[in-house]
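Trainee: Please find one structure pasted underneath; my questions will follow.
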Amino acid sequence: MNEDILFNPGNAIASDVNPNDIIRTAQITADKRQQKDTLVMVKDKENNEHLLFEVSDQLGDSEKAHAYKIERKF
């Protein structure tokens, strides 16, 4: 996936430099959640950190928004 998406970094469910830790967190989070919103793993190109967000937290143009590349959807 080579899609850009805007999020407020403060809304991240989890963040880690190791993508496997984010995948594990996404699986655990998806299993525990009653609301079945799509989760996305994105990568911050500036610091190579991976973050986990709910798609519903996506922002439009905003000063708090930061552009990320989608790595994987859950």
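Trainee: Which ones in region 19-35 are among the aliphatic types (A, V, I, L, M) and at pLDDT below 90?
Mentor: Across region 19-35, the qualifying residue is only A30.
Trainee: Taking region 12-36 on its own, how many of its residues are over 16 Å from K69 (Cα atoms) and in contact with a Lys or Arg (Cβ under 9 Å, 6 or more places away or on another chain)?
Mentor: Going through region 12-36 one residue at a time, the tally reaches 2.
Trainee: Which of the residues that make up region 24-48 are in contact with an Asp or Glu (Cβ under 7 Å, 6 or more places away or on another chain) and either crowded, with 18+ Cβ neighbours inside 10 Å or in a strand (DSSP E or B) (or both)?
Mentor: L39, M41, V42, K43
Trainee: Would you call A14 over 12 Å from K73 (Cα atoms) and under 10 Å from the mean Cα position of the chain (by Cα)?
Mentor: yes
Trainee: Then there is this: Pairs, please: C-beta under 9 Å, at least 6 apart or cross-chain, first residue among the small types (G, A, S) and in region 24-51, second surrounded by 19 or more Cβ atoms within 10 Å (Cβ to Cβ)?
Mentor: What qualifies is A26/L39; A26/V40; A26/M41; A26/L52; A30/L39.
Trainee: May I pose another question? Inspect all residues belonging to region 7-20 and state whether any of them is in a strand (DSSP E or B) and in contact (Cβ under 8 Å) with a residue 40 or more places away in the chain.
Mentor: yes
Trainee: To continue, here is another question. Give the residues of region 12-23 that are touching a strand residue (DSSP E or B) at 6+ places or on another chain (Cβ under 9 Å), of a type in the set (S, T, N, Q) and exposed (fewer than 14 other Cβ atoms within 10 Å of the Cβ), sorted by residue number.
Mentor: N18
The values are calculated or read from the model by the stated rules, or taken from the named source; none is laboratory data. Everything quoted here is computed from the prediction, not taken from an experiment. In this analysis, Cβ positions are derived from the backbone assuming ideal geometry, glycine residues included, and neighbour counts consider all displayed protein chains.
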